[in-house]
Every structure is written in C-alpha cells, then in structure tokens.
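Read through the structure below, which is laid out as structure tokens, and then see the notes.
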Ligand code: ADP
C-alpha cells in the first residue's frame, strides 16, 4: 500500500509517518528529511538547496523528483508513505509515472486538516522545545520562514487536494485531534 500524507507545515505528517513505519513496516519517504541530510552533508546539491529551504520556499521539482526516484527501487516492504512530497502538480504527475515504472500505484492520499493558528503555535513550540533540549531549532522554524512556507503551501500544494479528490484518491481527516485519534483515522482509511 502506497500513500501520501498531505497537509501544511506542522500538520503532523512526520509524526504519523513514523507511527506507520513502526506499526506497518512501511517506508517513510520525507523529501524534507532527505534535503536536510543533503544540506548537512555539504554536497553541491546541499549548498544549492540550503538557502531556499531556510527561506521557506520550495526547492525545484527536478531536485525532489530525483531524490524520490532513487528511493523507489529495491525492497518496498509494507509500502511507501510519501511525506512532504508531492508538493506541486508537476511532482504529483511525476510520482504517478515513477510508481508506474516500478509496477506500483498510489492507494490513498490522506489530507490532514489543521488551521493556521495551530500550525504557527506548533512550529514555534517545536523550535522552543528543540532549543530547551539542548539542540538547535530547524533553520526554517521561525516566524518569517513559516509565513512563506504557509504561502507556498496554499499557492502550490493545496491545488493537489482538488486534483486527488477528482481522481477519487482523497480522504480528509481532522489533524487537530490527539495523535492517537489521528492515527486511528489514518488506519481506518488504510482499511
Ligand atoms: P514542513 O512540512 O514542516 O514545511 P518539510 O521537512 O517537509 O517541512 O520541508 C522543509 C523544506 O524542504 C520545505 O520548506 C522546502 O524548502 C523543502 N522541501 C521539502 N519537500 C519538498 C518538495 N516536495 N518540493 C519542494 N521543496 C521541498
């Protein structure tokens, strides 16, 4: 089973993806995590994406599609969870093609609905907690970048909701419920 977790920054996609990895042996493919790894590894690509990410803008379709392509070969275990990908219509089309190339298809797109006030609150808290725990906050977990990330979401990613709805793949769930309740809603969609 291959699914997309769709939702704005701070909706809880990463948290729920980790739970599905534990409970169902699925493979989490987070383009955000892959890009952050590229950033710290000091590769040429890391340098290119670093400033764009820190500002809160989207990196190019070409780069993220390339990252996903690399991951789709090999053992598929309990299936893929796409977390933070696709984020544009071009990425959505590319994903359909890449899955077809490896003999797979998309089974569900789960939209996690959360309102903006809560997102800002969650992300500001996530940054504070990281610092309190002796670590560092993500470079893009500040109010300026967050505003841009939200704008990018509404401009470029939210059209995917209509797109997947029209394809009959979309299920929308309440991302404001507790983590356990959100997990239960996702499990219900997965059947
Ligand atoms: P969040 O959902 O909290 O914004 P992510 O970890 O998914 O965080 O993404 C962090 C940043 O990485 C994004 O703001 C963007 O710059 C880049 N990024 C991640 N995934 C994509 C993607 N699919 N397309 C373009 N840029 C991406």
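The values are calculated or read from the model by the stated rules, or taken from the named source; none is laboratory data. Quantities reported herein were computed from a predicted structural model and do not represent experimental measurements. As a convention, Cβ positions derive from the backbone with ideal geometry for all residues, glycine included, and neighbour counts pool all protein chains shown.
Which residue pairs have Cβ atoms under 7 Å apart, sit 6 or more places apart or on different chains, and have a first residue in the range 37-64 that is without any contact (Cβ under 8 Å) to a residue 40 or more places away in the chain and a second that is within 7 Å of the ligand (Cβ to nearest atom) and assigned to a loop (DSSP other than H, G, I, E, B)?
Sorted first by the residue in the range 37-64, then by its partner, the pairs are 49/59; 52/59; 61/88; 64/85.
Hand me the list of helices (runs of 4 or more DSSP H) wholly inside the range 123-191 holding 1 or more residues that are within 14 Å of the ligand (Cβ to nearest atom) and over 17 Å from the mean Cα position of the chain (by Cα). Steps first, answer last, please.
Values: elements: 143-152, 159-167, 179-190.
Helices (runs of 4 or more DSSP H) meeting the threshold: 143-152.
Only one of 1, 112 is more than 13 Å from the ligand (Cβ to nearest atom), surrounded by 15 or more Cβ atoms within 10 Å (Cβ to Cβ) and either assigned to a loop (DSSP other than H, G, I, E, B) or modelled with pLDDT of 95 or more (or both); which? So that I can check it myself, show each step before the final result.
Working: 112 fails: more than 13 Å from the ligand (Cβ to nearest atom).
Going through 1, 112 in turn, the sole match is 1.
Quick one: count up the residues across the range 94-124 that are more than 16 Å from residue 31 (Cα to Cα) and without any contact (Cβ under 8 Å) to a residue 40 or more places away in the chain.
9
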